[in-house]
Each structure stands twice: as structure tokens, then as C-alpha cells.
1. What is the number of the single condition among (1) at pLDDT 95 or above; (2) more than 30 Å from Glu69 (Cα to Cα); (3) assigned to a loop (DSSP other than H, G, I, E, B) that Glu122 does not meet?
2. Every residue in the range 231-263 that is of a type in the set (Asp, Glu) and surrounded by fewer than 21 Cβ atoms within 10 Å (Cβ to Cβ), please.
3. With the requirement that a residue be polar (S, T, N, Q), buried (at least 24 other Cβ atoms within 10 Å of the Cβ) and either more than 22 Å from the chain's Cα centre (by Cα) or in a strand (DSSP E or B) (or both), what does the range 179-225 give you?
4. Could you pull out the residue among Lys81, Lys91, Lys61 that is among the charged types (D, E, K, R), in a loop (DSSP other than H, G, I, E, B) and surrounded by fewer than 24 Cβ atoms within 10 Å (Cβ to Cβ)?
5. Say whether the condition of being surrounded by fewer than 17 Cβ atoms within 10 Å (Cβ to Cβ), closer than 17 Å to His108 by Cα and touching a Leu at 6+ places or on another chain (Cβ under 9 Å) is met by at least one residue in the range 148-155.
6. Given the options Ile161, Ile170, Ile186, Ile178, name the one that is more than 19 Å from Glu139 (Cα to Cα) and either modelled with pLDDT under 95 or not acidic (Asp, Glu) (or both).
7. Can you pull out the residues in the range 32-53 that are assigned to a helix (DSSP H, G or I), out of contact with any helix residue (DSSP H, G or I) (no Cβ under 7 Å at 6 or more places or on another chain) and in contact (Cβ under 8 Å) with a residue 40 or more places away in the chain?
8. If you check every pair at least six apart or on different chains, which have Cβ atoms under 9 Å apart with a residue in the range 126-142 that is farther than 18 Å from Val200 by Cα and crowded, with 24+ Cβ neighbours inside 10 Å first and a residue that is charged (D, E, K, R) and at pLDDT 95 or above second?
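The values are calculated or read from the model by the stated rules, or taken from the named source; none is laboratory data. Computed from a predicted structure; not experimentally measured. Positions of Cβ are generated from backbone atoms using ideal geometry, with glycine treated the same way; all protein chains shown enter the neighbour counts.
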Amino acid sequence: MSAKDHLIIFDTTLRDGEQSPGASMTRDEKVRIGKALERLRVDVIEAGFPIASPGDFEAVKAVAEVVQESRVCALARALDKDIDCAGEALKGANAGRIHTFIATSPIHMEQKLRMTPDEVVEQAVHAVRRARRYTDDLEFSPEDAGRSEIDFLCRVLEAVIDAGAGTVNIPDTVGYNIPDQFGGLIATLRERVPNADRAVFSVHCHNDLGLAVANSLAAVRMGARQVECTINGLGERAGNAALEEVVMTVRTRQDLFDCETRLDTTQIMNCSRLVSGITGFAVQPNKAVVGANAFAHESGIHQDGVLKHRETYEIMRAQDVGWSDNRMVLGKHSGRNAFRTRLQELGVALGSEEELNAAFSRFKDLADKKHEIFDEDLLALVADATLDAANERVKLVSMRVCSETGETPRADLVLVFDGVERAGRAAGGGPVDATFKAIESIVESDTLLKLYSVNAITKGTDAQGEVTVRLEKAGRIVNGQGADTDILVASAKAYINACNRILRPIERAHPQNSKV
């Protein structure tokens, strides 16, 4: 690393990524992702927004206590109660950071904060100084910097650096900038802020115009040395800069970048699959780096070229980001040790013997149905085995679905709802519709179905189907997932999983509101 600067990778999947509608994660899910990000060797993990809810506080606290190799960060508005809450959540961290912010664009100051520029500067400085009670590692963000006036931005940054901010993050909060403009902004700030040499310049770009990665990289070329990003580009609205795309671009184009990251890129695919499975946000096949088609070649000309010399059509090695042809070919006679070993090779660490037993039991059941068990099947089994059983008010006991030509499909289900076994029956326009209506006849969740999506986890007619269901109730959106070789069973599991989430009360504050 001596020849080139270190580009700090700040992952905000657990915070900004979670703000995607339906992507809320439980504490245990955040811990699993946090451990995966640590294996990826991410420099900073933004674990959440502790003031948002007791659940968010506990999740940040849990990640801070478990992660040892990466720095754990908590977000706080420039308010005393936010900062104190963040400091408390980070008490158990081996290395902690508080990230505080306040808006600086005219439209945000006038319409949202109802504050004058002088008041904004005063509050920003006060927030940084208060955060120093808890840690020396402080980050400050002028929210909506991409639409802020340059003179005022310089004034705010100089003040917070003097107050103790070691990292100043320049967010393109609404994805408004384009690469030349955004790179130029970073260059101007580094030149005009008198004490710029005392802070690391960071960027946080949103993807509203599809330019988050391009803007981030333009900023890096102009001297930014931290990029805030998320696995799979998860995030509010159109998402954030995708970690995998930023990291692999810098690695692949070392002829253009005078910096490099410290990440173990072979862990990228494991992280991508884990985040996708937990949030229910499927990765599109043509997604760069982690999409199923990222290293696939259909054209005969391309196939011929790759067979002769890989670099004719591939600028990265699939293995460098964790793609491989490895698959679990053990069958129903395979033992627990082989199962555990393969999970460890995939970077999956189950938290308890009970979780291992539940996953192994599902593996045995699946092995009776499928000839070959692939890595993707194993990851789906683990996701199924680590559901928070304590919070499951609804459980599937049995189901029978009848669908035949010329007849109305019907579904009969037995569920356990709040500890009581109940039966439900319904007819529908199709077998899935009938299944969902039968569940609703028992649960009465009063939700609106926003999305029903089916993906084959692996190839073959005996592949597991992975179903994602998105439900909305009173403005709250949740995702549910289910996997099974029987797509109707998978659908029922997904709907029930979503119902369990919607029935669980969660009070959260949004970090872009100025008042709680």
C-alpha cells in the first residue's frame, strides 16, 4: 500500500440500504451482514441510526460489540439527543465513529430546517464538539451538498474541521450531480477550504440519474479518499453507489487511480447473496460484477475469444469477486461435519448449535427432493433456519392446493397464529391467489400486495423457487421471502414471512427529519 493512497470503503448497507422501502432488518440480520462485511475487510461499517428506535439502538450496539476488525459507525443528526444515543450505542465498539449531519442547501435550510445559515453553522460545530465526548473519530456531512452554495459549503467545512471532524463527507443526497461537476466540486473544496489537509474527504452519492458510481469515481480521481456505498447498490429511492462496482473499477483500472482498497474481493459474492436474501431485493441478471450474467457469454464470437484467451472479453476474473463453479454435491447420506465445513467455506457462520441443526435438517429434507445441492441452495437454507422464531406469530403447518383446467383453484391451509392452530380455505384466480387469500382469511393483515416475484435459485426443473412478497399497510412496506422446491409452498412461506414482519410493531424515526 506504500506506493498508493488507501481508499477507505465506508459501507452503509445497514443504514442507508435499510431505508429502501421493505428492506428493514432485524438485529440478528444486521449482525450477520456486519460479520460478512468484516470478512470483506470493509474499513467502516455504518450500522444504523440509533435514535430511530429501540430496535435500531440495539442493532447498532450488537454490531459494535461483535465486529472487531472494521470500524463501526453510528449516524446522528446534529442534535444532542441523537449524538448521545449514538455514543451510548457505540460503547462496546473496538473502534467507533459518530457520523453527524445537517442540511446546507438553500432549499433544505429554508423549507425543511427553517434555519438561517448562521444557525446551521453554529449547530454543526456544536454537534461535532459534543460528539467528541464519545470518540475522537468524527465524521460530518453537509446534507444535500450537491445543491449547496460553494461559499457556504466552504465555510461549514472549515468550521467543523476546526471543531474536530476528521472526515468530511460530501453527499449528493438527491442524485442531482453529474461526474465532471461533482469531481470539480471535490477539487474546489479541497483547494478552497483552508484546513482541508486536516480531514479525509468522503463522498456519498445516490443513483437517481444512474450516476452514483460514476460520480463517486470522479470524486476519487479528484482527491476524495473515502467512498460511502452499499452492497448491490441498495438504498433509498434508486439506491446508492454499489460497493462492488466502485471497488472493482478502482482495482481493474489502476492505470487511472492513484489509490487502492484493502478489501478481500473474493467475499463480494457472499455479501451480495446474503444482503439479497435478507432484504428480498433480487439482483438483476445483468447487474455489473454480481449479476448472474456478469461473466456469462452467449455470443459465439465471445465464447471463442474467451476460450482462446480469457482477457479478450473479460476484464476481471470471476473468481476474484467470489464467483465459482463449486457446488455442494453431497446427498442425503452426507454428514453434519461436511455440511458445516461447506458453510464455513462460503463464509457463513451460524450463531448457535440450534441454528446449525435447523439448517442441517432442512438440508436433509431438500436432499430427498433434489439430486444436487448447490451453494445457492445452502444459502437459502441458512436464511430459512435463522428466522427470528421468537417474533413469528404465524407459522405454516400444512397446505393443500387444487388447480385443474376449467375449475376455480382452491387452497386449504392450517396455520398456527398466536399459538393457536387455525384452518383457512379460499378460492382464487390462480393457485397462488387462492393460497394468499386462505392465509388472509386467518391472519386478516389488511395489507396491499405490492410485489410477487419468483426466481429459480439454481438450474434444473428440481430447483428451489425463491419467492419474494412485498406488502404495504398504512404506508409501511415489508418484504417476505420463502424458498422451496414446491413454488406454492415457497409462496405461502413468503407471504407468511411478510405477515410476521407487518404484524411486528416497529417505531422508527427517519434520519432526514429534523425533529423526532
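1. (3)
2. Kept after step one, since they are of a type in the set (Asp, Glu), are these residues of the range 231-263: 236, 244-245, 255, 258, 260.
Once the filter is applied, which keeps residues that are of a type in the set (Asp, Glu) and surrounded by fewer than 21 Cβ atoms within 10 Å (Cβ to Cβ), the range 231-263 yields Asp255, Asp258, Glu260.
3. If the condition is that a residue be polar (S, T, N, Q), buried (at least 24 other Cβ atoms within 10 Å of the Cβ) and either more than 22 Å from the chain's Cα centre (by Cα) or in a strand (DSSP E or B) (or both), then Ser202 is the only one that fits.
4. Working: Lys81 fails: in a loop (DSSP other than H, G, I, E, B); Lys61 fails: in a loop (DSSP other than H, G, I, E, B).
So the residue among Lys81, Lys91, Lys61 that is among the charged types (D, E, K, R), in a loop (DSSP other than H, G, I, E, B) and surrounded by fewer than 24 Cβ atoms within 10 Å (Cβ to Cβ) is Lys91.
5. Yes, because at least one residue in the range 148-155 is surrounded by fewer than 17 Cβ atoms within 10 Å (Cβ to Cβ), closer than 17 Å to His108 by Cα and touching a Leu at 6+ places or on another chain (Cβ under 9 Å).
6. Ile178
7. The one that is assigned to a helix (DSSP H, G or I), out of contact with any helix residue (DSSP H, G or I) (no Cβ under 7 Å at 6 or more places or on another chain) and in contact (Cβ under 8 Å) with a residue 40 or more places away in the chain: Ala52.
8. Matching pairs, first to second residue: Ala127/Arg77; Ala127/Asp80; Ala127/Asp82.
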